[in-house]
Each structure stands twice: as C-alpha cells, then as structure tokens.
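Asker: Below you'll find the structure I mean.
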Amino acid sequence: MNLYLRYFDRETLVSTVDEAIDFLKAINEIEMTPELEADIRDYVASSVYYPKRYKIHPRVYFIIIKTDAATMQDFKEKKAVHPDSVPAAKAVSPAVAKLNELRDGWYEGSVNFKRVLLVPGTGKFQYRDTLFVARVRAMSGMECYERIIEHLRERVDERSQFPSAKGKNFKFRFLGNAKR
C-alpha cells in the first residue's frame, strides 16, 4: 500500500509513513507536532481507506489517501482503486421495494408538504405545513404518490414544496383490490 499526499500544488506518492512525514516536514507551513505525527501513523496503520484531511489553518488542509497504485500516473488514472472504496451495487431498501410493488387496487396516501399561502393583511407569502390525504386507484404506492402530487400541483401555488415518495412525509396503505 502507498500513500498519496497533497498540499495545494505539492503532491507525492510514497511507500512508507516515514517518507510521508519527511515530505510534510519539508513544507514550511506545516508544523509537525508529535500529536500530528502519531495521528498520521495511526491512520496509516488502521484499516480505514477513506481519505484523511488535516487542518493547518482555517480553510487550509493537506490530504492523505491510501492507495494500491504503484506510480503517480496509476493513481491519477485511478487504476488501483481499493475494492472497499468502490461503492457496492446499492441494495433496494424494503421501503423502496414496497413503494414499487405492483398491486392493482385502492390506496390511501398522505402527503405532508410545504404549501405557499398568502398572509392576509400583510400581502406576504409564507410556507405552511399541510397534510393532504386522498384515496386513489393505482398500481403501486409510487403511482399513488404521483397521482396525489399531480392533483396538488394543479391546485396549489407553484412555489409549494413536495416531499420525496421515499421520505417520511409520504405514507400510503393498500386498501383493497379494485373490482374489475
């Protein structure tokens, strides 16, 4: 495993923590304290592969990244990305699976959204939490959501804000099969 270090336009790829510390000591703006050195050694020894950022001054940092790249060119071309740092294929959460489950019938959906309303007397507008509940015939919870939002968009101020179907501000329940 190698270490990539960068401080503004200065960068290097080293193979040991001692080389990394020597690189940082050569930069005048970075004060190498025993605590900083110990923290860098702990980070390198750990199994964590996330980049580590160290604050030098307000809004001034240097970064250390663990990598399997053998050369700077390989690192820049991302040829040696650590397998743990590559995002795994996202599994579908049970809530999203239930939302997309096809089941023809009647649904009761409730949406808690931010509705824009005129304040009488001042002529100004404000957002107000509004709960809207409707019974809808749909093929899935997602279609129930889409129909409710479509209905609301036609009837409320266009600046109103609607929640995501996956969020906590939309709930639905299946009421029963539709008669054919």
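The values are calculated or read from the model by the stated rules, or taken from the named source; none is laboratory data. Here the structure is a predicted model, which is why all the values come from computation and not from measurement. Ideal geometry is used to build each Cβ from the backbone, glycine not excepted, and the neighbour counts take in all protein chains shown. Surface areas here come from the heavy atoms of the whole protein model, side chains and all, with no ligands, DNA or RNA. Shrake-Rupley method; radii C 1.70, N 1.55, O 1.52, S 1.80 Å.
Asker: Condition first: of a type in the set (Lys, Arg) and in a helix (DSSP H, G or I). Now tell me which residues in the stretch 132-155 satisfy that.
Answerer: Result: ARG147, ARG153.
Asker: Going by what's in this entry, would GLN73 be described as open to solvent by 40 Å² or more (accessible area, probe 1.4 Å), at pLDDT 90 or above and either closer than 30 Å to GLU37 by Cβ or of a type in the set (S, T, N, Q) (or both)?
Answerer: The answer is no for GLN73.
Asker: Right, next: List pairs: first residue in the stretch 135-161 and closer than 13 Å to PHE113 by Cβ, second residue in a loop (DSSP other than H, G, I, E, B) anywhere in the structure, Cβ distance under 6 angstrom, at least six positions apart or on different chains.
Answerer: Note: pairs meeting the criteria are TYR145/ALA165; ILE149/PHE162.
Asker: So for the stretch 109-129 (the condition being aromatic (Phe, Trp, Tyr) and within 24 Å of GLY176 (Cβ to Cβ)), does at least one residue qualify?
Answerer: no
Asker: Here are some conditions: (1) at pLDDT below 85; (2) open to solvent by less than 70 Å² (accessible area, probe 1.4 Å). VAL81 meets all but one. Which one does it not meet?
Answerer: The number of the failed condition is (2).
Asker: If SER47 satisfies every condition in (1) within 32 Å of the chain's Cα centre (by Cα); (2) surrounded by 15 or more Cβ atoms within 10 Å (Cβ to Cβ) but one, which is the exception?
Answerer: It is condition (2) that SER47 fails.
Quick grid of which residues meet (1) of a type in the set (Phe, Trp, Tyr); (2) surrounded by 12 or more Cβ atoms within 10 Å (Cβ to Cβ); (3) outside any loop (DSSP other than H, G, I, E, B):
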| position | (1), (2), (3) |
| --- | --- |
| THR12 | no, yes, yes |
| ASP22 | no, yes, yes |
| ASN28 | no, no, no |
| GLU35 | no, no, yes |
| ILE40 | no, yes, yes |
| TYR43 | yes, yes, yes |
| LYS55 | no, no, yes |
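Asker: List the number of the failed condition for ASP129; all other conditions in (1) without any contact (Cβ under 8 Å) to a residue 40 or more places away in the chain; (2) touching a Gly at 6+ places or on another chain (Cβ under 6 Å); (3) in a strand (DSSP E or B) hold.
Answerer: (2)
Asker: So, in the stretch 108-154, of the ones that are of a type in the set (Phe, Trp, Tyr) and open to solvent by less than 100 Å² (accessible area, probe 1.4 Å), which residue ends up farthest from GLY167 (Cα to Cα)?
Answerer: Per the criteria, the residue is PHE132.
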